[in-house]
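Q: Sharing a structure, written as structure tokens. Questions coming.
The values are calculated or read from the model by the stated rules, or taken from the named source; none is laboratory data. Just so it is clear, the model here is predicted, and its values are computed rather than measured. Glycine gets a Cβ as well: all are built from the backbone with ideal geometry, and neighbour counts include every protein chain shown.
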Amino acid sequence: MSRIGRMPVEIPAGVEVKLNGNDMTVKGPKGTLSASFHKNMTITKDGDKIVVSRPDDQKLNRSLHGLTRALVSNMVTGVTKGFEKNLEIVGVGFRAQKQGKKLVLTLGYSHPVEMEEPQGITIEVPSPDKIVIKGVDKQLVGEVAAKIREKRPPEPYKGKGIKYANEVIIRKEGKTGGKGKK
């Protein structure tokens with residue numbers, strides 16, 4: 001039995017959960033999320049708990065059990081607390097700024113890189129070298145953060161680029177000034 005799949009998901013006060021077969025809608029103070037889950041999984045609402053169960057121990061059902069429970073838990077967490085990703089910009093002259101709903105990045109290219117703020121996501125720029133992405137959908141927050149990071153990933157020699165706040169860049173040693181073989 002899946003250790004994660006067995007655990008029930010607590011429904012906090014102020015969160016409304018609607019189940020229609022394997023279609024689920026969660027409404028909370030931060031927003032609304034809806035998702036459809038695999039037909040093999042059985043999702044039931046038991047008072048203030050959501051329980052995910054599987055029909056048998058086939059490999060597919062075992063793998064879907066924990067996944068489905070984790071996705072349900074992320075939906076409940078998203079509409080109550082929300083999710084957040086922090087990015088840092090490292091490099092001389094590299095900076096970010098907000099212009100209305102646009103994020104404008106100056107990353108050493110011949111032109112500024114502009115990105116639209118997607119629906120359901122808020123992008124904040126507390127300082128020119130920090131970007132904060134917030135939203136209720138964990139997957140969408142991670143996807144937007146990855147797309148921003150993709151514009152200038154950190155390079156291994158000086159560490160310049162856009163990196164996650166908790167990311168460690170493994171540095172390489174540069175070239176040495178040797179004359180070569182004799």
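Q: Looking at Ile89, Ile148, which one is under 24 Å from Ile169 (Cα atoms), among the aliphatic types (A, V, I, L, M), under 13 Å from the mean Cα position of the chain (by Cα) and surrounded by 13 or more Cβ atoms within 10 Å (Cβ to Cβ)?
A: Answer to the check: Ile148.
Q: Restricting to the range 98-137, give me the number of residues that are closer than 19 Å to Asn86 by Cβ and among the basic types (Lys, Arg).
A: Residues that pass the stated criteria total 3.
Q: Let me ask another. With respect to Lys27, determine if the residue is of a type outside the set (A, V, I, L, M), over 30 Å from Ile148 (Cα atoms) and not assigned by TED's automatic domain parsing to the domain that holds Ile133.
A: no
Q: Among the numbered criteria (1) at pLDDT below 95; (2) not assigned by TED's automatic domain parsing to the domain that holds Ile148, which single criterion is violated by Gly91?
A: With respect to (1) at pLDDT below 95; (2) not assigned by TED's automatic domain parsing to the domain that holds Ile148, Gly91 is out only on (2).
Q: (1) modelled with pLDDT of 95 or more; (2) out of contact with any Phe, Trp or Tyr (no Cβ under 8 Å at 6 or more places or on another chain): which one isn't true of Lys85, the others all being true?
A: Of (1) modelled with pLDDT of 95 or more; (2) out of contact with any Phe, Trp or Tyr (no Cβ under 8 Å at 6 or more places or on another chain), only one is false for Lys85: (2).
Q: Just name the residue that is farthest from Ala96 (Cα to Cα) out of those in the range 111-138 that are of a type in the set (S, T, N, Q) and loosely packed, with under 13 Cβ neighbours inside 10 Å.
A: Gln119
Q: Quick one: Lys98 ticks every box in (1) surrounded by fewer than 16 Cβ atoms within 10 Å (Cβ to Cβ); (2) touching a Gly at 6+ places or on another chain (Cβ under 7 Å) bar one, so which box is it?
A: It is condition (2) that Lys98 fails.
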